[in-house]
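Structure first, commentary second.
The values are calculated or read from the model by the stated rules, or taken from the named source; none is laboratory data. Computed from a predicted structure; not experimentally measured. Heads up, the Cβs are rebuilt from the backbone with ideal geometry, glycines too, and the neighbour counts pull from every protein chain shown. Surface areas here come from the heavy atoms of the whole protein model, side chains and all, with no ligands, DNA or RNA. Shrake-Rupley method; radii C 1.70, N 1.55, O 1.52, S 1.80 Å.
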Amino acid sequence: MSKTAIITGISGQDAAYLAHFLLEKGYRVIGIGRSLENNKLWRLVELGLLDKIEVVSGDISDATFVLHIMAKYKPDECYNFAAVSFVGQSWVVPSVTMNINTTGVLNLLEAIRQMSPETKLYQAGSSEMFGRPVESIQNEKTEFKPCNPYGVSKVAAFQLVDIYRSAYNVFACNAICYNHESPLRGMEYVTRKITDGVVRIKYGLLKEIRLGNIQSRRDWGYAKDYVEAMWLMLQQPAAGDYILATGVTHSIEEFLSTAFELAGISDWRNYVVEDERFFRPLEPHQLCGNPQKAKEQLGWKPKVDFSNLVAEMVRADEQRILRI
Ligand code: GDP
């Protein structure tokens with residue numbers, strides 16, 4: 001019999017790639033989202049998945065809804081991506097961030113405990129939990145020092161997963177995901193803002209890209225690689241927590257020069273303008289993850305490196321512009 005998976009946050013990047021991955025493996029996929037107008041589901045449309053999964057409208061911060069869903073589907077696996085996932089936004093709506101990112105996870109754990117104790121849970125944690133890290137390269141034992149509402153909400157969720165695992169034996173795993181990008185990344189993130197902007201500049205549709213702190217560095221991986229690791233986590237004999245990262249960082253300046261070069265534009269500095277609006281009140285210090293545990297225990301490693309990631313994003317945005 002085929003397995004059933006629930007994916008929350010179905011309108012997002014990771015949910016789309018994971019849905020594709022699970023469908024290829026023969027899973028029945030139920031997608032849950034807060035607002036499911038067709039324009040929000042553009043990622044499922046791009047991957048040709050809209051008619052292959054069952055989509056349910058609902059909010060994981062509503063405990064009654066989560067209990068109902070868990071009782072109805074009793075899924076083999078539940079992947080939680082529902083979140084205020086953009087750090088910038090978490091400064092604007094900190095209370096909504098806590099409700100969805102923390103209380104939502106508590107609701108999932110309680111619903112599993114009460115209604116479907118065999119369900120395995122994947123919880124999407126983030127490198128932002130390390131915030132101002134005490135070690136330059138972080139691993140699963142590094143202390144959390146979040147520095148924004150998003151990071152705090154994810155630390156609390158991480159700890160709830162840990163508690164439910166110990167107290168109730170729920171099979172629940174935390175990933176600590178470093179930034180992972182793709183052509184399906186939202187335009188509010190700096191990588192997609194750049195690749196879309198570069199292509200628009202190339203075709204004369206835009207004059208400049210306005211950015212905040214371009215000295216900032218990130219450990220950027222490829223989202224499609226990361227969803228495979230998420231699935232592998234739930235196939236292990238015991239639940240655990242894993243860093244998903246490349247172990248290499250690059251600055252936004254490097255991202256800019258690579259993207260402009262790929263588009264055939266020589267000096268990126270002529271097209272980039274500093275804009276106060278895009279600076280953050282507090283920035284995490286260098287976040288770089290050590291993916292050794294995932295490599296050893298899951299047999300996983302990221303396949304797409306930085307330059308190939310930028311190339312794929314620029315290529316996809318160019319195809320989109322040429323289709324318009
Ligand atoms: P995050 O790591 O999840 O916050 O991912 P983002 O892509 O939103 O931001 C990555 C880094 O890019 C952060 O250090 C931002 O401060 C920096 N950054 C600089 N300019 C921009 C911008 O215009 N938009 C965004 N989103 N980030 C920017």
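Within the stretch 241-263, the set of residues being under 25 Å from V227 (Cβ atoms) and part of a strand (DSSP E or B) comprises D241, Y242, I243, L244, H250. Among the residues making up the stretch 266-301, those that are more than 18 Å from S127 (Cα to Cα), buried (at least 16 other Cβ atoms within 10 Å of the Cβ) and of a type in the set (A, V, I, L, M) are V272, L298. Taking the stretch 42-160 and the helices (runs of 4 or more DSSP H) fully enclosed by it, the elements with 2 or more residues that are more than 16 Å from the ligand (Cβ to nearest atom) and within 30 Å of G212 (Cβ to Cβ) are at 42-46, 94-98, 104-115.
Applying a threshold of 6 Å to beta carbon distances and a minimum spacing of six or more residues, or different chains, the list of pairs starting in the stretch 46-63 at a residue that is open to solvent by 60 Å² or more (accessible area, probe 1.4 Å) and ending at one that is assigned to a loop (DSSP other than H, G, I, E, B) reads S57/L36.
Applying a threshold of 7 Å to beta carbon distances and a minimum spacing of six or more residues, or different chains, the list of pairs starting in the stretch 293-315 at a residue that is within 22 Å of M233 (Cα to Cα) and ending at one that is of a type in the set (F, W, Y) reads K293/Y242; A294/Y242; A294/W300; L298/Y242; P302/Y222; V304/Y222.
Out of the residues in the stretch 64-91 that are open to solvent by less than 10 Å² (accessible area, probe 1.4 Å) and under 22 Å from the mean Cα position of the chain (by Cα), state the one that is modelled with the lowest pLDDT. Result: S90. Scanning the stretch 2-21 for residues that are under 17 Å from S182 (Cβ atoms) and not polar (S, T, N, Q) turns up I7, G9, I10, G12, D14, A15, A16, Y17, L18, A19, H20, F21.
One residue stands out among those in the stretch 200-238 that are part of a helix (DSSP H, G or I) and within 16 Å of the ligand (Cβ to nearest atom): the one that is surrounded by the fewest Cβ atoms within 10 Å (Cβ to Cβ), which is R200. Checking each residue in the stretch 264-301 for being among the hydrophobic types (A, V, I, L, M, F, W, C), in contact with a helix residue (DSSP H, G or I) (Cβ under 9 Å, 6 or more places away or on another chain) and at pLDDT 95 or above picks out I265, W268, V272, C288, A294, L298, W300. Annotation: A5 fulfils all but one of (1) closer than 23 Å to Y150 by Cα; (2) assigned to a strand (DSSP E or B); (3) of a type in the set (G, A, S); the unmet one is (1).
Looking for something within 13 Å of the ligand (Cβ to nearest atom) and open to solvent by less than 10 Å² (accessible area, probe 1.4 Å) - is there at least one such residue anywhere in the stretch 161-175? No, the stretch 161-175 contains no residue that is within 13 Å of the ligand (Cβ to nearest atom) and open to solvent by less than 10 Å² (accessible area, probe 1.4 Å). Looking only at residues in the stretch 177-199 that are hydrophobic (A, V, I, L, M, F, W, C) and over 13 Å from the mean Cα position of the chain (by Cα), the one that is surrounded by the fewest Cβ atoms within 10 Å (Cβ to Cβ) is M187.
Selection of the stretch 266-307 for residues being more than 16 Å from the ligand (Cβ to nearest atom) and part of a helix (DSSP H, G or I) yields N270, Q292, K293, A294, K295, E296, Q297, L298, S307.
Of all residues in the stretch 147-160, those being open to solvent by 60 Å² or more (accessible area, probe 1.4 Å) and in contact with a helix residue (DSSP H, G or I) (Cβ under 6 Å, 6 or more places away or on another chain) number 0.
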